[in-house]
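Q: Quick one: this structure, given as structure tokens, is what I'll be asking you about.
Read-outs throughout are calculated quantities, based only on the coordinates presented, and are distinct from any laboratory measurement. Predicted, not measured: the structure shown is a model, and the values here were computed from it. Neighbour counts are summed over all protein chains in view; Cβ atoms, including those assigned to glycine, are modelled from backbone coordinates with ideal geometry.
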Amino acid sequence: MLEIEKLSAGYGPIPAIREISLAVPEGRVVSIIGANGAGKSTLLKAVSGLNRNKSGRILFHGQSISNLPAHRIVGLGLSQVAEGRQIFAHMTVADNIQLGAYLYYRRRHRAEIDQRMDQVYAMFPILAKRAKQIAGSLSGGEQQMLAIGRALMTRPKLLLLDEPSMGLAPIVVQEILRTIETLNGMGMTILLVEQNARAALQIADFAYVLETGQVVLEGPAAKLLNDPKVKAAYLGG
Amino acid sequence: MESLPFFNQLLQFIVTGLTIGAIYAMVAIGFNIIYNVTEIINLAQGEFVMLGGLVMVTVHVMWGVPLPLAFGLTVLGVTLVGVLLDRLAIRPIRKPSVMTLIIATVAASIIIKGVAMLIWGKSPYDLPAFSGRTPIDLGGVIIQPQYLWVVGFLVVVAIGLTWFFNRTIYGKAMSACADNPDAARLVGINVRHMVLLSFALSAAIGAVAGLTLTPIALMDYDRGAMLAIKGFGAAILGGLGSFPGAILGGLVLGLIEALSAGLLSSGYKDAYALIILLAVLFIRPSGILGNLEVTRFKRF
């Protein structure tokens, strides 16, 4: 579904990621793990179009999206839940979710939009309870749910998740992981970027290990969980 | 000339102050719309007001187009200038910083003023009042019917914007750009379109302010800068970025100006607004209804 070939990207003249190639097959959960500063977020921002300073090829459904701006890429069905939630903090929860449907917000899609909103609220009942609240007043976990809910409103086929566990209590992390599994069970393809390697490898089918901007290891998640190098570096021995 | 009782005189100043304050409020709202989406202070905001008055003079007085149609055409024309301002002065700048963009708006305002001088010359123009000039006597206080139009349009603009930002998806998308531009992109909002829309909307509101002001205070090519300063003062006073703040700031500034000009000395009429502006910046930079956190965050 998503193929990345020799992608380099960064913010200045020196790229933060160099010649990365990876693939996300349809219906799978693929994970990218790595330490802080390994280039994980740079990679996702290059894929979603937020960072346009890049070279290499990014194919989504066989179509090149390397040169498209972010707002066009979302329309193709590739939605990113950015690092640090990135909700609209001064707007209400309901407005945040509604804006997820911005690209097809027309009267004739009203039924579909309502149905999708109901699905989001069913998946995260706490959001329905807080619908009229200002999004910035939610807890970290609730904000993460809101960010995922908003991304689901964009009609994604592939969901990119950037560090969804960041700053959350372990019990909330488990809840988010279960949500990701549920979504995958419903047929959603997922690319999960995580510093929390144990959590990511638990639910992923396949994983890549990123170090200083390059892929140093790749394989089925179950295999990486038992890899001595991964154990030593990312799973606390 | 009979001398009015002091109380009536005071009321008269208040009425005048609120009217001119309503104009400042509309200019301040224009500043806020663009500022909220882009962090740019559009210093050409006053030129929209000037153009609103002068284009209306041409369309309504010179071409003889009936009032409602002339109103629509004028607002449309000035909106187009706002769109051109974005396309020709703002968007082409590569790697923009907020400061570069603000300077670009200064350049644009000088150009707009120059072109206006070539078209309309240097003399001030009058416009017939929308519903005549027969004053309404309210127990000793004289109200020009045009005053009611000015205040009425401020109310319409305020209600319209509230509806736009709270009820329509485009309004919400504009707020979203102001809130978090990257997140806006990730839900498919084209931020450039929203910037364009913010310039168009500000220009339209500026035009409304200009064409309702002209029957009261005339209009010439050179009025833009002072109106921009007053409107900016109102926006700062109310809290940059806040719409209720803009209205409050505008009305308070208008009142201060009218009262101090009437009771102290009219020679320093324009200075009072600037003194207020400076005082606010010294004492409470976030304004009356502004959010200190937001002000710090926006760096300006």
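Q: Nearest-5 percent of antiparallel DSSP beta bridges in chain A?
A: 50
Q: Packing-wise, with mean Cβ within 10 Å as the measure, how do B:150-163, B:199-212, B:116-129 rank, highest first?
A: Listed from highest to lowest mean packing, they are B:199-212, B:150-163, B:116-129.
Q: If you don't mind, another one. Would you mind counting up the charge near residue B:21? Only other residues with Cβ under 11 Å from its Cβ, with Lys and Arg at +1 and Asp and Glu at -1.
A: Once positives and negatives cancel, what remains is 0.
Q: Follow-up. Which whole number gives the average, over all residues in A:73-85, of C-beta atoms from other chains lying within 10 Å of the residue C-beta?
A: So the per-residue partner count for this stretch is 2.
Q: I've got another one for you. So what is Rg over Rh here for segment A:1-116, counting just Cα atoms and using Kirkwood for Rh?
A: When Rh is taken as the Kirkwood radius, the ratio is 1.01.
Q: Between residue A:115 and residue B:67, take the C-beta separation as r, use R0 = 35 Å, and let me know the FRET efficiency to the nearest 0.05.
A: Approximately 0.15, to the nearest 0.05.
Q: While we're looking at this one, here's another question. Suppose the Debye formula is applied to equal point scatterers at every Cα of segment A:89-142; what is log10 I(q)/I(0) at q = 0.21, 0.23, 0.29, 0.31 Å⁻¹?
A: The Debye formula, applied to the Cα set alone, gives -0.77, -0.89, -1.17, -1.24.
Q: Related question: For residue B:107, what is the net charge nearby, where nearby means another residue's Cβ is under 15 Å from its Cβ and Lys, Arg count +1, Asp, Glu -1?
A: So the environment of residue B:107 carries a net charge of +1.
Q: Same structure again: Arranged from highest to lowest average of other beta-carbon atoms within 10 Å per residue, in what order do the peptides B:176-188, A:6-18, A:106-118, B:216-228 appear?
A: Final packing ranking: B:176-188, B:216-228, A:6-18, A:106-118.
Q: Another question, then. Hey, how many Å between the Cα centroid of segment B:52-73 and the Cα centroid of segment B:96-170?
A: Segment B:52-73 and segment B:96-170 have Cα centres spaced 14 Å from each other.
Q: Next question. Consider a paramagnetic label point 7 Å from the Cα of residue A:23 along Cα→Cβ; state which residues of segment A:199-214 have an amide N under 15 Å from it.
A: Hits in segment A:199-214 for residue A:23 at 15 Å: A:206-208.
Q: Enter the angle in degrees (range 0 to 90, nearest 10) between the Cα long axis of helix B:67-84 and the first principal axis of the Cα atoms of chain B, meaning the one along which they spread out most.
A: Orientation of helix B:67-84: about 40 degrees from the principal axis.
Q: Something else about it: Through the Karplus equation 6.51 cos²θ - 1.76 cosθ + 1.60, θ set to phi - 60°, convert the phi angles of segment A:204-212 into ³J(HN,Hα) values in whole Hz; use x for Gly and Pro.
A: Going residue by residue, I get 7, 8, 9, 9, 10, 9, 9, 9, 5 Hz, with x marking Gly and Pro.
Q: Run the numbers for residue B:281 and residue B:110: contour at 0.36 nm per residue of separation, minus the present Cα-Cα distance, in nm.
A: 59.0 nm
Q: Calculate the mean, over all residues of peptide B:174-183, of how many other protein chain Cβ atoms lie within 10 angstrom of the residue's Cβ.
A: 6
Q: Give me the net charge of residue B:209's neighbourhood, meaning all other residues with Cβ under 14 Å from the Cβ of residue B:209; Lys, Arg count +1, Asp, Glu -1.
A: Within the 14 Å Cβ shell, the charges total +1.
Q: Partner chain Cβ atoms within 10 Å, averaged over the residues of A:151-158 - can you pull that number for me?
A: 1
Q: Residues with amide H under 5 Å of residue A:189's amide H, sequence separation 5 or more or different chain, H placed in the peptide plane at 1.01 Å from N; which?
A: A:27, A:159
Q: Ratio to report: Rg/Rh of segment A:2-234, with Cα atoms as the point set and Rh obtained by the Kirkwood method; give two decimals.
A: Result: Rg/Rh = 0.96.
Q: Once amide H atoms are built 1.01 Å from N in the peptide plane, which residues 5 or more positions from residue A:208, or in another chain, come under 5 Å H to H?
A: The list, which skips near neighbours in sequence, is A:31, A:32, A:33.
Q: Right, next: Sorted by mean Cβ packing within 10 Å, highest first, what order do the peptides B:240-252, A:79-91, A:176-188 take?
A: B:240-252, A:79-91, A:176-188
Q: To the nearest 0.05, how large is the calculated FRET efficiency for residue B:95 and residue B:142 if R₀ is 51 Å and r is the Cβ-Cβ distance?
A: Given R0 = 51 Å and the Cβ-Cβ separation, E is 0.40.
Q: Along its three principal axes, how long is segment B:219-291 when you only count alpha carbons? Whole Å, largest extent first please.
A: 34, 29, 19
Q: List the lysines whose Cα sits under 28 Å from the Cα of residue A:129, skipping any in the same chain fewer than 8 residues away.
A: Residue A:129 reaches A:157, B:172.
Q: While we're here: Roughly speaking, what % of Cα-Cα pairs in the protein assembly as shown are separated by over 29 Å, rounded to a whole number?
A: 59
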